[in-house]
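Everything below concerns the one structure shown next.
Just so you know, all these numbers are worked out from the coordinates, no wet-lab data involved. These numbers come from a predicted model, not from an experiment. Counting neighbours? That spans all protein chains shown, and the Cβs are built from the backbone with ideal geometry, glycine included.
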Amino acid sequence: MRMYDVILKKRQGIELVDSELQWLIQGYVAGDIPDYQMSAFLMAIIFKGMTPKELGAFTMAMAHSGDMVDLSAIKGVKVDKHSTGGVGDKTTLVIASLVAACGGVVAKMSGRGLGHTGGTIDKMESIPGLRTELSEEEFRNQVNNIGVAVIGQSSNIAPADKKIYALRDVTATVDSIPLIASSIMSKKLASGADAILLDVKVGSGAFMKTIDDARLLAQAMVDIGNANGRIVKAVITDMDRPLGQAIGNALEIAEVIQTLKGYGPQDLTHECLVMAAHLLVMSEKGDYDTCYSMVQTALQNGAGLAKLRELIVAQGGNGQIVDDSSLLGTAQFAYDIRSSKAGYITHMNTEACGIASVMLGAGRTVKDGPIDMTAGILMHKKTGDAVVAGDVLATLYANDESLFEGAETAYVQALTIGPEESTAGETILGFVE
Ligand code: URA
């Protein structure tokens, strides 16, 4: 087989067969196929797409390029959830705690921040002492003992995706539905859960900018999962404004705790309850209405919060942060951004809000770079809110005061304030199964 012929076939829109796709993934991981040929192939996918059959085979070849985790020693239906990435998206820990508190079995592998989006593992590492690297045995034992574990993905999960993602990042081939679907699903299939709930984000802070594209991506991922024997559903959620009020690692963990105490932001609480209920349905705990009232009760009676404490302690973290979030630490400096005019916030460029937070130190600017756990933004006004001149729009947190100027400019430019009254709109925009 020659890579030249595979690229040409894809360029001509002829369907590739499974053996060609397996050969090219194996050859690329082994270093036999150079980056320039893989780049040409990826660009051909951007223009020609992939048939469902090609997408299934390509994804499975990527999943099998590394370890396929075996969770069969864990009792019950193992569930996982995955977000396509957003700003202020701290739903994982709320949902995992609620689902486990209701008897679900959450075996979750999460990622780190990517570009302007945050990652659960970075957020969890703002909790003093907490370990996100557990051995497979520790992971299985913890899930069997307390019903939940959230850990970082081991380095040998879908190594083909790792290599291809790095190439896509620098060859303008990230925003392709088949490439995103195969990237996410290869990791999910390799991670071993029986049932996966996908949170497909849409809007100015997401990879998918339109609801139609979000639906196509959701359907492609659901189809890949189902074809491989997994129960997969997708919720399409709004990312045209950041989720909740906090952006930044320790600030977001504090908001997770607030939410599990029952006084979190309404948008975040609603999304978490809906997704937790869907996961319980997938765990065969009842129909949607029954499962929704189960998670609502777990939120109201503190069972979800107690489960979060158990999870933190089981992974070596300081469980007292649940009673006292100041133990997460606070940034040395805070700066209020005030509105220069009156009106309504009609839009938030959510990617730019995420970038402002990265500029304060909350995200990485270079691969594997350091992050400041206490840096970030607390938003006091969001889309749909009325403001008068002088109102505090947001508070910035950093450990270096010189970072405020650039972050303030980026954040203010991200907001559109106009005279017309506006509403924030729904947070849950669709469901695909
Ligand atoms: N997240 C992933 O893991 N891969 C993509 O391609 C996009 C988002």
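Straightening the chain between N141 and V392 buys 85.6 nm, computed as 0.36 nm per residue apart minus the Cα-Cα spacing. Given just the C-alpha atoms of segment 336-387, how large is their convex hull per residue in cubic angstrom? Here the figure is 82 Å³ per residue. Computed from point charges on the beta carbon alone (+1 for Lys and Arg, -1 for Asp and Glu), the dipole magnitude for segment 47-188 about its Cα centre is near 260 Debye.
Only the Cβ atoms of Lys and Arg (+1) and of Asp and Glu (-1) were treated as charged; on that basis the dipole of segment 275-361 about its Cα centre amounts to roughly 260 debye. Simple spin-label estimate for N156 and S72 gives 1.9 nm between the two label positions (7 Å along the Cα-to-Cβ direction from each Cα).
Take 280-286, 146-152, 132-138, 419-425 and order them by the average number of nearby Cβ atoms within 10 Å per residue, most first; the result is 146-152, 280-286, 132-138, 419-425.
Restricting segment 190-294 to chymotrypsin sites (Phe, Trp or Tyr not before Pro) that sit in a DSSP loop and have at most 13 other Cβ atoms within 10 Å of their own Cβ leaves Y263. According to the Cα-based calculation, Rg over Rh for segment 1-55 is 0.92, with Rh computed by the Kirkwood formula. Beta-bridge orientation, the chain: approximately 50 percent antiparallel, per DSSP, counting only bridges with both partners inside. Output the 0 to 90 degree angle, nearest 10, between the alpha-carbon long axis of helix 35-48 and the longest principal axis computed from the alpha carbons of the chain. Taking the Cα atoms of the chain, the angle to 35-48 is about 80 degrees. To test your reading of the geometry: what angle, between 0 and 90 degrees and rounded to tens, separates the Cα axis of helix 136-146 from the longest principal axis of the chain? Roughly 50 degrees between the two axes. Residue by residue, segment 246-256 carries 3J(HN,Hα) couplings of 9, 10, x, 4, 5, 4, 6, 5, 4, 6, 4 Hz when phi is fed to the Karplus relation 6.51 cos²θ - 1.76 cosθ + 1.60 (θ = phi - 60°); x denotes Gly or Pro. To the nearest ten degrees, helix 177-191 and the longest principal axis of the Cα atoms of the chain are 90 degrees apart. Neighbouring Cβ atoms within 10 Å as the yardstick, rank I157, I196 fewest first. By the 10 Å Cβ count, ascending: I157, I196.
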